[in-house]
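Enquirer: A single structure is presented below for examination.
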Amino acid sequence: MEKELLAVLDFGGQYNQLIARRVRDEGVYAEIYRSDIDLEKLRERRPKGIIFTGGPQSVYREESQHIDPRIFDMGIPILGFCYGAQLIAYELGGEVKKAPISEYGRTELSVDRSAGLFREVSERTSVWMSHTDYIARAPEGFSITGSTENCPIAAMEDEKRGIYALQFHPEVQHSVEGRKMIHAFLYDICHFRGDWRMDSFVSDQIEAIREKVGGGKVLLALSGGVDSSVAATLLSKAIGRQLSCVFVDHGLLRKYEGDEVEAVFGSTGKYDLNFIRVNAGPLYLEKLKGVEEPEQKRRIIGERFIRIFEQEAKKIGAVDFLAQGTIYADVVESGLGNGAVIKSHHNVGGLPKNIEFRGIIEPLRDLFKDEVRRVGLELGLPESLVYRQPFPGPGLGVRIIGEVTEEKLRIVRDADFIYREEIKKAGLERKISQYFAALSNMRSVGVMGDFRTYDYAVVLRAVETDDFMSAECSNIPFEILQRIMNRIVNEVKGVNRVLYDLSSKPPGTIELE
């Protein structure tokens, strides 16, 4: 049976990957394409539905992204969000103008419950708006199905042609009944079966890996984190001993982590892997000496990462493919498609161009973090490993603001260890999506005993999220934060202040750099 597909056309908005995530939550496989995809190529993919994402442009500006208008005659249901909704109006003869009053944040929406998207939605519901333009006049054949106080055409539809438009963002958590609207589009309008499951993903990926690799050899970066561990297990099930896993200890790991990784995946562990450990800490410190700019740090780490792998590949013999645990969040933040580059990742944007491999294998590239964990459980990995705290590829290099030094590494390792220890004692380790300590580049005056100090400030970060595309600060009880602060200040030499980061994502990112 042919796999069903929902095509997401990317117009460069910040929630583009999140739309695909929400669609998959509903049991439908979604893929993301550039907005300028050739319609014949799109037709070959045989999508049963299309979603236009939001974007930062104005449709009436010449430089803005538009769409081949023939897409509306393909007979495939289309749903547009925000900019995507305005684009539908503009291309089909409606009118889009600069809004008299811009809307940002939660807004109360009134809907026509007889409309296709709203039959299971409350007559008045809270949605998330983010726009400075609005649809001033709907195209011919469209009926207005939703409005807010400042946006008279917040939703519209042409049921006969199967074209729907929402000025707001139903994909974000702040749109209380947004998932009901997406579900209605998928099942009531597009008539999907809903056959996207992690077990089918695993079997499909194993088959795809075997086909691509053939009799070749694969080299994988194994950090011991969730992503690389799941990738290693998936690859080992597909190609067995054709896989060599190299663990590069770049000296930027958390306290005791290097030895823990070797204990799990090395010769004394239970996994049947070709495991090689490379201790490269001194080399990384030398290369990072005097470097403060975060993107430069990431690229240096990425460059060394590849060079070391090339060296190990030569020792092993002929290696055909480099495998990586890249996931969707890495890709979107590195500027896939039409989106802006937020930050490069060592295994995406930081790769040098002269890689000495036939190709790259990234079996988890299309998955969000929670989907990766579900794959890990499907593969039989223990929960303790599957739910391990996320850790960036560049490690503590991006949890230290400014130059990376041995002293700063000691400070952030010890502070982070105390933080994680106390969170576990409090029984919160599975209730917080991600938490870690980082080291600011700020030094300030303090008093310890009868003496003046001039030491660093440690920043504690903890967020709640189900997709890592957006996140809110975690509400850790104050008495726990107080206990963590006391331990860090008293036990970690060189620290006299502890700060708690309240920032959400957006506008911030989860990591500090």
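Enquirer: What translational D, rounded to a whole number of µm²/s, comes out for the stretch 139-194 from Stokes-Einstein when the hydrodynamic radius is the Kirkwood one over Cα pairs, at 25 °C and 0.890 mPa s?
Expert: 201
Enquirer: What is the order of Arg487, Arg124, Arg373, fewest Cβ neighbours within 10 Å to most? Could you put the intermediate results ahead of the total?
Expert: Numbers: Arg487 17, Arg124 9, Arg373 21.
Going from least to most buried by this count: Arg124, Arg487, Arg373.
Enquirer: From zero up to wherever the largest Cα-Cα distance of the chain sits, split into 10 Å bins and tell me the percent of pairs in each.
Expert: P(r) over the chain, rounded to whole percents: 4, 17, 26, 23, 18, 10, 2, 0.
Enquirer: Let me ask something else. Which whole-number percentage describes the relative contact order of the chain, with Cα contacts under 8 Å and a sequence gap of 6 or more? Display every interim value, and only then the final one.
Expert: Numbers: 1037 pairs, mean separation 55.8, N = 513.
RCO, the chain: 11 percent.
Enquirer: Would you give the gap between the C-alpha center of the stretch 409-436 and the C-alpha center of the stretch 245-274, rounded to a whole Å?
Expert: Here the two parts' Cα centres lie 20 Å apart.
Enquirer: Please rank Val176, Val386, fewest neighbouring Cβ atoms within 10 Å first, as an exposure proxy.
Expert: Working: Val176 16, Val386 19.
Neighbour counts put them in this order, fewest first: Val176, Val386.
Enquirer: Based on the alpha-carbon gyration tensor of the stretch 198-386 and its eigenvalue square roots a ≥ b ≥ c, which shape applies: rounded if a/c is under 1.5, prolate if not and a/b is larger than b/c, or oblate? Intermediate results must be reported in sequence, preceding the final value.
Expert: Values: a/c = 1.39, a/b = 1.21, b/c = 1.15.
Judged from the Cα gyration tensor, the stretch 198-386 comes out rounded (a/c under 1.5).
Enquirer: What's the exposure ranking of Asp204, Asp133, going from fewest to most Cβ atoms within 10 Å? Write out the running numbers ahead of the final one.
Expert: Numbers: Asp204 13, Asp133 20.
So the residues, fewest neighbours to most, are Asp204, Asp133.
Enquirer: Please compute the volume of the convex hull spanned by the alpha-carbon atoms of the stretch 86-227 and report it per residue in Å³. Display every interim value, and only then the final one.
Expert: Values: hull volume 26.7 nm³, N = 142.
Per-residue hull volume (Cα only) is 188 Å³.
Enquirer: I would also like to ask the following. Given the stretch 467-510 reduced to its alpha-carbon atoms as identical point scatterers, what log10 I(q)/I(0) does the Debye formula return at q = 0.16, 0.22, 0.27 Å⁻¹?
Expert: For the stretch 467-510, the Cα-only Debye profile gives -0.56, -0.79, -0.90.
Enquirer: Based on the alpha carbons, how large is the Rg to Rh ratio for the stretch 405-500 when Rh follows Kirkwood? Walk me through the numbers on the way to the answer.
Expert: Numbers: Rg = 13.9 Å, Rh = 14.0 Å.
Reported Rg/Rh, Kirkwood definition of Rh: 1.00.
Enquirer: Still on this structure, I have one more. Need the list of lysines near Lys297 for cross-linking: C-alpha distance under 27 angstrom, and skip anything on the same chain fewer than eight residues off.
Expert: Within the straight-line cut-off, Lys297 pairs with Lys255, Lys287, Lys289, Lys314, Lys343, Lys353, Lys369, Lys408, Lys493, Lys505.
Enquirer: For the stretch 1-90, state which trypsin sites (Lys or Arg not before Pro) are in a DSSP loop and have at most 15 other beta carbons lying within 10 Å of their beta carbon. Spell out each step's value before the answer.
Expert: Details: sites: Lys3, Arg21, Arg22, Arg24, Arg34, Lys41, Arg43, Arg45, Lys48, Arg61, Arg70; in loops: Lys3, Arg45, Lys48, Arg61.
Qualifying residues, ordered by number: Lys3, Arg45, Arg61.
Readers should treat all values here as calculations from the given coordinates under stated rules, not as data from a laboratory. Worth saying up front: this structure is predicted, and the values here are computed from it rather than measured. Note: ideal-geometry Cβ built from the backbone for every residue, glycine included; neighbour counts use all protein chains shown.
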